[in-house]
Structures are given as structure tokens and as C-alpha cells.
């Protein structure tokens with residue numbers, strides 16, 4: 001089967017090769033998106049710095065493992081349908097419709113602002129695929145719904161760091177990863193000032209303890 005031809009020679013009983021081919025066509029971009037997301041999460045895990053480093057660093061490892069498992073499930077479903085999952089780096093780069101994650105070494109809020117956009121893109125496309133596949137193959141729909149349940153929870157974890165006291169996301173309205181990262185700058189500056197104040201308080205408390 002060539003990369004451009006998703007029609008299998010056989011498929012699961014009761015589905016047929018034409019419908020099976022359409023499901024494969026919908027699943028392959030989801031496989032690319034999940035593989036790309038897993039790599040992006042690891043990239044952030046390695047490049048996050050700043051006061052919230054350990055919280056974000058440790059939060060991302062379970063997400064990476066879960067997303068890798070989702071990719072495995074998507075690939076195996078393609079195979080079960082009689083298709084050929086494309087899992088090589090070259091296939092990912094040549095067939096994807098988005099650019100690489102654009103933020104390098106940066107503080108936690110900058111990365112989380114950008115990561116929220118990444119999750120939004122993956123979730124929206126997963127939902128579109130799930131909606132279309134619902135009338136063709138409920139088994140694949142169930143697979144994608146399971147993915148969405150976890151992906152939306154992971155995005156909630158990310159957004160919890162980005163919500164301000166008014167209940168708004170600090171990077172709301174950003175249309176690129178760079179814009180989303182930059183939108184967190186005022187918060188990063190404020191956080192830095194508060195941290196300094198906290199350190200001074202801690203020193204006073206230490207002095208008082210010594211006095212006693």
C-alpha cells in the first residue's frame with residue numbers, strides 16, 4: 001500500500017475495504033499528531049527552567065507516556081483495519097500540516113502558554129475525526145473518545161497554571177506559540193517580584209527563630 005493510497009486489501013468484518021480505507025485515512029493524521037505531541041512534551045520536559053521547573057518537569061512525563069500509548073493504539077487500529085501505519089520521522093515530517101514546536105529553553109509559564117495551543121490543535125482535530133468516524137466505525141470512535149478524555153484532562157492541568165485570578169487564561173487570544181509564550185511575560189515578572197518578597201519574609205522568620 002502506497003502512502004497516498006489508504007484503501008486496504010481487506011478490513012475488519014462488517015466494515016468493508018472502502019469504509020475501512022476512510023477510517024485509516026482519518027487515523028493516520030491522528031497518529032502523526034500523537035507522535036509529534038509526545039516528542040514536543042519531551043522537548044519541553046528537557047528545556048523548561050525557572051521557579052516552576054520541577055512541577056512542570058514532573059507533570060509532563062506521565063503525559064508523554066500516556067500520549068505514546070495513544071499513538072500505539074492508533075497505529076494498531078490502522079493495522080487491524082488492514083492499513084499500514086506510517087510511524088517514521090520522515091513520514092511524520094512530510095505528511096503533517098503543522099510546523100515544529102517553536103519554543104526552546106524557556107521558563108515554565110512560557111512553555112505552558114505555548115503548549116496550551118498545541119493541545120488545542122490536537123484536541124480540535126481529534127474531535128473532528130471522532131465526529132466523522134462515528135457514523136462509520138464505532139470502535140474507532142470509542143478509541144478517539146478515550147484519547148480525548150485524557151488529552152482534555154492534560155490540557156486542564158496545563159491551563160491551571162495559566163489561569164489568573166479573574167478566571168481568564170493569561171495567553172488568551174494568542175495565535176502562535178511565540179505569542180502565547182510572550183503573553184506570559186507580565187505574569188513571570190510579577191511572580192519574580194513575589195518570589196523575592198517571599199524570600200525576604202523567610203529570612204525574617206529565620207532570624208526570629210534564631211532569636212528565640
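Of all the listed residues (175, 207, 166), the sole one being modelled with pLDDT under 50, surrounded by fewer than 12 Cβ atoms within 10 Å (Cβ to Cβ) and either at negative phi or not in a loop (DSSP other than H, G, I, E, B) (or both) is 207. Filtered by the rule that a residue be within 18 Å of residue 176 (Cβ to Cβ) and touching a residue at least 60 places away in the same chain (Cβ under 8 Å), region 122-143 gives 122, 125.
Here is a yes/no grid of residues against (1) surrounded by 13 or more Cβ atoms within 10 Å (Cβ to Cβ); (2) over 20 Å from the mean Cα position of the chain (by Cα):
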site: 8; (1), (2): yes, yes
site: 30; (1), (2): yes, no
site: 35; (1), (2): yes, no
site: 51; (1), (2): yes, yes
site: 58; (1), (2): no, no
site: 118; (1), (2): yes, no
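Among the conditions (1) within 17 Å of the chain's Cα centre (by Cα); (2) touching a residue at least 60 places away in the same chain (Cβ under 8 Å), residue 71 misses just one, which is (2). Just one of (1) more than 30 Å from residue 180 (Cβ to Cβ); (2) modelled with pLDDT of 95 or more; (3) out of contact with any helix residue (DSSP H, G or I) (no Cβ under 9 Å at 6 or more places or on another chain) fails for residue 16. It is (2).
Do the conditions hold for residue 97, that is, is it touching a residue at least 24 places away in the same chain (Cβ under 8 Å) and surrounded by fewer than 14 Cβ atoms within 10 Å (Cβ to Cβ)? When the stated conditions are applied, residue 97 passes them.
The values are calculated or read from the model by the stated rules, or taken from the named source; none is laboratory data. The shown structure was predicted, so the numbers you read here are calculated from the model rather than taken from an experiment. Because the Cβ atoms are built from the backbone with ideal geometry, glycine has one as well, and the counts that use them run over all protein chains shown.
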